[in-house]
């Protein structure tokens, strides 16, 4: 994975998304969103998909493969979660995770990518009763 190329692709994705949102929302309203969060979410979905869906997501994210997206996410996460300054600050926190209906089977390989590359949590819940695996409300 070429980190520079991945950053350029992510920036192009963010700029294209911003352009679309500004055209859709118009100039009469305020808009706050996180292109990185959207990129990570779509990357997670791409990692769990296949066929035409995955191909379309990879094209939209301007990436060659889900492996490239996962490698980029792992690199990004290692930088975001590290505190490289000698004085001990500042540090950025990034929360990310997903909820999946517990009736849907999760492939162990997908769960591993989510947890190791994206440092995210997958929680299986019952969307019909709004309870988590342990019975607590979600």
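Here are some notes:
- Screening residue 76 with (1) in contact (Cβ under 8 Å) with a residue 60 or more places away in the chain; (2) within 18 Å of residue 4 (Cβ to Cβ) gives one miss only, at (1).
- Residue in the stretch 108-125 that is more than 23 Å from residue 14 (Cα to Cα), assigned to a loop (DSSP other than H, G, I, E, B) and at pLDDT below 85 present: no
The values are calculated or read from the model by the stated rules, or taken from the named source; none is laboratory data. Predicted model only: the values in this text are computed from it and were never measured. A quick note on method: Cβ atoms are made from the backbone with ideal geometry, for glycine too, and the neighbour counts reach across all protein chains shown.
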